[in-house]
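The structure under discussion appears below in the form of structure tokens.
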Amino acid sequence: MSRTLALRLSAGILFLLASWIAYTQNQKAPPELKLNQVKSDLYEIEGDGGNVAVYITDEGVILVDDKFDQDHEQIVSKVKSVTNQPIKYILSTHHHADHSGGNAKFLPTSTIISTLNAHNNIAEHKQSNAPPGVQAAPVTFTEETAVFLGGKEVIAKAVGRGHTNGDAVVYFPALKVLHTGDLMAGTTPLIDYPGGGSLKEWPQTLDAAMKFDFDTVIPGHGAVTTKDGLMAYRNNVDKEVKRVAGLVHQKKSEEEIGKVMMAEYGWMPNSLNMQWSLPGFKTEFK
């Protein structure tokens, strides 16, 4: 081997090594998740995505949602910190990757259940910013289903359109707890119009959810709250419906409506609200 060729090979190897080191150093570890007890045998895992409910039974664990793919190990670790029972079922509230992104890693060991629309939204790649590899639930329902495990019941129900067209709420009847998914999340609703969402129907959808007998609410994002907290959120959504409808009927431009949403509802430029929700307002409220 000539000295010139050897030098070139060495330089190439050093370049690849430096690139690998730079790559690995730039890979950020997932944010630390936090486990909170909600009621007896019911916990909530918050951080880095949607709130996960953890329901412990003598025959296994039932989860609601599974965050991002990168959170799998932490979720399993948090569950193991409170029980030795395996994760048997995962009930998905909707298709977004911050709630269903962990499906692929859980599928070999757990039964995952979602609405048919949530399944189809994943299969049809309706989330424009979803990471690759999100897997749809293999078991679906259209209106309502229930899981019975260790003498405990959990009900999942499609109550209507809102955040998407595949939203489900999950009810723990023995504990009077409702997990809303992103039908309650943050301070203002994110309407995923590409995913079949609806601002106009959102208040009625929450009215249907309010028919369950519950006192505690686990929202899709944010702190655990009460039935009164969910009702206050519902009323704020209803006010937003009326505000947006008024702007559309006044024939305000999309840009003008966007400025109102930023000023009055805290929407940020280039946010998902501006990308997914704003363009659908005129069509829904025409």
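The values are calculated or read from the model by the stated rules, or taken from the named source; none is laboratory data. Here the structure is a predicted model, which means the values were calculated and not measured. Neighbour counts run over all protein chains shown; Cβ positions are idealised from the backbone, glycine included. The accessibility values were calculated without ligands, DNA or RNA, using every heavy atom of the protein model including side chains. Shrake-Rupley method; radii C 1.70, N 1.55, O 1.52, S 1.80 Å.
Computed values, structure above
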item	result
Euclidean distance between Cα centres, segment 237-260 to segment 100-142, Å	33
13 Å Cα-Cα reach of LYS200 towards aspartates and glutamates, excluding residues that sit fewer than 8 places from it in its own chain	ASP192, ASP238, GLU240, GLU284
Protein accessible area in segment 180-286, 1.4 Å probe - carbon and sulfur %	54
Between segment 164-215 and segment 40-90, the Cα center-to-center distance that results, in Å	21
Unit charges on C-beta of K, R, D, E only; dipole of the chain, Debye	680
Most fluctuating residue given options PHE106, PHE148, PHE214, as computed from a GNM of the chain linking Cα atoms under 10 Å	PHE148
By average C-beta atoms within 10 angstrom, highest first, the peptides 61-73, 191-203, 234-246	61-73, 191-203, 234-246
Max mean-square fluctuation residue, GNM over the chain, Cα-Cα springs under 10 Å, options GLY101, GLY49, GLY150	GLY150
Anisotropy class of the chain from Cα gyration tensor, a/c 1.5 cut	oblate
Positive-end residue, segment 79-164 charge dipole about Cα centroid, Cβ charges, pick of ASN120, GLY133, VAL82	VAL82
Selection from ALA104, ASN235, GLY181, by position along the positive dipole direction of the chain (Cβ)	ALA104
Considering only the chain, percent of DSSP beta bridges that pair antiparallel, nearest 5	65
The chain: most fluctuating residue of LEU230, LEU91, LEU175 per GNM, C-alpha cutoff 10 Å	LEU175
Shape of segment 139-206, Cα gyration tensor, a/c cut at 1.5	prolate
